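Q: The structure follows.
Bear in mind these aren't lab numbers, they're just calculated from the coordinates by the rules spelled out. From a predicted model like this one, the values you see are computed outputs, not experimental measurements. Quick reminder, even Gly has a Cβ in these numbers, built from the backbone with ideal geometry, and neighbours come from all protein chains shown.
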Amino acid sequence: MINKVILVGNVGKDPEIRHIPNGTAVAQFSLATSETYKDKNGAKTTQTEWHNIVLWRGLAEVAEKYVKKGDALYIEGKIRSRSYDDKEGNKRYTTEIIGDTMQMLGRKQSGESSSTPTTNPQENYTENTANEPPLAPDDLPF
């Protein structure tokens, strides 16, 4: 079975970095992907989807140093849904993208189309998250 997600989008907020009790770094931020199409009346419509991104260890540290709100990123990873109890004891559900590869895409130059981002192959980061343990409710980094 395959659980693989590939996203190219813009960071919605600066990454929040936490350290779980064993010292492991965890980064969390939102990523917006957009789809533009013409509706039945021919009007151009853009639909934006927001994704919760979680990065572990080295990728979290790279995100802390270099990723900022508005940056264009390529994220590759897996989708994970989980539930937890909030501070008031209510059961909450969330779906996250656990990133194992991140590539920082070049910034748009004035007049450059958003469909042709530039990339720097030296800015490609990969993390092995295959054996990442699920977080216990007390270890939730957010």
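Q: What is the order of Leu55, Leu105, Leu31, fewest Cβ neighbours within 10 Å to most?
A: Lowest to highest Cβ neighbour count: Leu105, Leu31, Leu55.
Q: On to the next question. Tabulate in residue order the Karplus-calculated ³J(HN,Hα) for segment 27-39, using 6.51 cos²θ - 1.76 cosθ + 1.60 with θ = phi - 60°, rounded to whole Hz; enter x for Gly and Pro.
A: Residue by residue, segment 27-39 yields 10, 9, 7, 9, 10, 9, 10, 10, 10, 10, 8, 9, 6 Hz.
Q: Counting only residues 5 or more places away or on other chains, whose amide H sits under 5 Å from the amide H of Gly70 once H atoms are built in the peptide plane?
A: Amide H to amide H, under 5 Å and 5 or more residues apart or across chains, Gly70 pairs with Val11, Gly12, Lys13.
Q: By its C-alpha gyration tensor, with a ≥ b ≥ c as the square roots of the eigenvalues, how is segment 22-114 shaped: rounded for a/c under 1.5, else prolate for a/b larger than b/c, else oblate?
A: Oblate, because a/c is 1.5 or more while a/b does not exceed b/c.
Q: While we're looking at this one, here's another question. Please compare each pair in Lys4/Lys69; Lys4/Lys91; Lys38/Lys87; Lys38/Lys65 to a cut-off of 32 Å on the Cα-Cα distance and tell me which ones are over it.
A: Going by Cα-Cα distance, Lys38/Lys87; Lys38/Lys65 fall outside the 32 Å limit.
Q: So what are the ³J(HN,Hα) numbers for segment 91-106, from phi and the Karplus equation (6.51, -1.76, 1.60; θ = phi - 60°), rounded to whole Hz, Gly and Pro as x?
A: Those phi angles translate into 6, 10, 10, 9, 10, 10, 9, 8, x, 10, 9, 9, 10, 7, 8, x Hz.
Q: How big is the gap, in Å, between the Cα center of segment 64-90 and the Cα center of segment 6-25?
A: Between the Cα centre of segment 64-90 and that of segment 6-25, the gap is 6 Å.
Q: Another question about this same structure. What list of ³J(HN,Hα) values in whole Hz, one per residue of segment 72-81 in order, does the Karplus curve 6.51 cos²θ - 1.76 cosθ + 1.60 (θ = phi - 60°) give from phi, with Gly and Pro shown as x?
A: 8, 10, 9, 10, 10, x, 10, 9, 9, 10
Q: Using Cβ contacts closer than 10 Å as the measure, can you line up His19, His51 from fewest to most?
A: Ascending Cβ contact count within 10 Å gives the list His19, His51.
Q: Pull up the cross-link candidates among the lysines for Lys40, meaning alpha carbon to alpha carbon under 23 Å and not fewer than 8 places away within one chain.
A: The qualifying lysines are none; the list is empty.
Q: In nm, to one decimal, how far is the modelled label at Asn90 from the one at Trp50, with both set 7 Å along Cα→Cβ?
A: Reported label-point gap for Asn90 and Trp50 is 1.6 nm.
Q: Can you put Ile17, Ile97 in order of Cβ neighbours within 10 angstrom, beginning with the fewest? Could you put the intermediate results ahead of the total?
A: Numbers: Ile17 17, Ile97 20.
Fewest-to-most Cβ neighbours within 10 Å comes out as Ile17, Ile97.
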